[in-house]
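First up is the structure itself, then whatever we jot down about it.
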């Protein structure tokens with residue numbers, strides 16, 4: 001079955017790896033970017049798909065201008081997707097206000113709008129590994145403290161923005177049976193080629209992972225007919241990507257376990 005993906009943050013490096021993969025499935029992709037100077041670069045991704053038959057549309061919109069669920073819904077109504085991918089972010093530019101405006105507020109508005117739209121059945125959020133308030137049972141205290149240090153001392157604004165969006169996706173997805181809210185949570189991103197991964201519940205809270213691997217996992221999660229709402233943590237590892245995704249979906253692995261969401 002062909003799907004139509006609304007890809008928010010289409011000029012980002014993960015999104016640029018993901019777009020050709022989706023097009024190879026003969027899916028339609030509407031890629032949202034902020035800068036009109038980037039249109040040609042994103043349009044060229046269609047050629048990278050190897051003629052898979054998918055259609056790529058590039059729209060220039062500022063996610064920073066999305067101030068309400070209604071505004072997010074207008075874009076969803078315009079595009080008419082059935083899947084939504086959030087791979088956008090302020091990228092540390094513009095200070096605290098811009099990070100909250102994009103990574104927390106705009107993301108949250110799109111989550112609510114997508115979950116309220118019967119035609120949208122999947123929302124994949126690209127977050128990060130340490131985005132959580134509680135120590136998971138499978139992490140050591142040392143590993144947990146490494147995450148706490150990043151969240152409180154290195155990236156406190158980013159942490160507050162991302163964890164708010166992650167919690168929102170978890171909560172709204174639980175309220176709608178026909179809606180899968182997938183939170184993909186990689187470690188420190190690298191530009192290395194795709195390779196084996198550690199997927200689901202990682203042993204550590206820090207470590208590297210290839211952006212291309214993240215894109216491949218996202219593609220396979222979206223395409224898996226049995227995928228359910230879950231937090232899926234990710235680092236470079238030893239398991240083949242396709243095998244890892246199949247295992248995580250089949251076993252219902254969910255790294256949100258132990259997190260007190262909505263309490």
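Key figures for this structure:
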read-out: Flag if residue 207 is surrounded by fewer than 24 Cβ atoms within 10 Å (Cβ to Cβ) and on the phi > 0 side of the Ramachandran plot; value: yes
read-out: Strands (runs of 3 or more DSSP E) lying entirely in region 168-263 (those with 3 or more residues that are touching a residue at least 60 places away in the same chain (Cβ under 8 Å) and closer than 22 Å to residue 82 by Cβ); value: 180-186
read-out: Region 130-153 residues that are free of Cβ contacts under 8 Å to residues at least 60 places away in the same chain, paired with ones that are buried (at least 17 other Cβ atoms within 10 Å of the Cβ) and assigned to a loop (DSSP other than H, G, I, E, B) (beta carbon under 7 Å, 6 or more apart); value: 147/130; 147/205; 150/130; 151/130
read-out: Residue that is assigned to a loop (DSSP other than H, G, I, E, B) and modelled with pLDDT of 95 or more, where the choices are 158, 128; value: 128
read-out: Failed condition for residue 229, given (1) buried (at least 24 other Cβ atoms within 10 Å of the Cβ); (2) under 17 Å from residue 251 (Cβ atoms); (3) under 17 Å from the mean Cα position of the chain (by Cα); value: (1)
read-out: Conditions (1) surrounded by fewer than 18 Cβ atoms within 10 Å (Cβ to Cβ); (2) under 28 Å from residue 209 (Cα atoms); (3) touching a residue at least 40 places away in the same chain (Cβ under 8 Å); number of the one not met by residue 125; value: (1)
read-out: The lone exception for residue 163 - which of (1) surrounded by fewer than 19 Cβ atoms within 10 Å (Cβ to Cβ); (2) within 20 Å of residue 98 (Cβ to Cβ) it fails; value: (1)
read-out: All positions within region 1-16 that are part of a loop (DSSP other than H, G, I, E, B) and surrounded by 18 or more Cβ atoms within 10 Å (Cβ to Cβ); value: 3, 9, 10, 11, 12
read-out: Residue satisfying condition, being surrounded by 20 or more Cβ atoms within 10 Å (Cβ to Cβ), touching a strand residue (DSSP E or B) at 6+ places or on another chain (Cβ under 6 Å) and more than 15 Å from residue 259 (Cα to Cα), within set 169, 199; value: 199
read-out: Residues of region 131-155 classified as part of a loop (DSSP other than H, G, I, E, B) and over 18 Å from the mean Cα position of the chain (by Cα), total; value: 9
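For every residue, the table says whether it meets (1) farther than 13 Å from residue 10 by Cβ; (2) surrounded by 15 or more Cβ atoms within 10 Å (Cβ to Cβ); (3) touching a helix residue (DSSP H, G or I) at 6+ places or on another chain (Cβ under 9 Å).
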site	(1), (2), (3)
22	no, yes, yes
29	no, yes, yes
33	no, yes, yes
37	yes, no, no
40	no, no, no
44	no, no, no
56	no, yes, yes
66	yes, yes, yes
69	yes, yes, yes
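To keep it simple, each residue is scored yes or no on (1) touching a strand residue (DSSP E or B) at 6+ places or on another chain (Cβ under 9 Å); (2) within 18 Å of residue 15 (Cβ to Cβ).
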{"residue": "156", "(1), (2)": "no, no"}
{"residue": "164", "(1), (2)": "no, no"}
{"residue": "174", "(1), (2)": "yes, no"}
{"residue": "178", "(1), (2)": "no, no"}
{"residue": "210", "(1), (2)": "yes, yes"}
{"residue": "215", "(1), (2)": "no, yes"}
{"residue": "251", "(1), (2)": "yes, no"}
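The values are calculated or read from the model by the stated rules, or taken from the named source; none is laboratory data. Worth saying up front: this structure is predicted, and the values here are computed from it rather than measured. Neighbour counts are summed over all protein chains in view; Cβ atoms, including those assigned to glycine, are modelled from backbone coordinates with ideal geometry.
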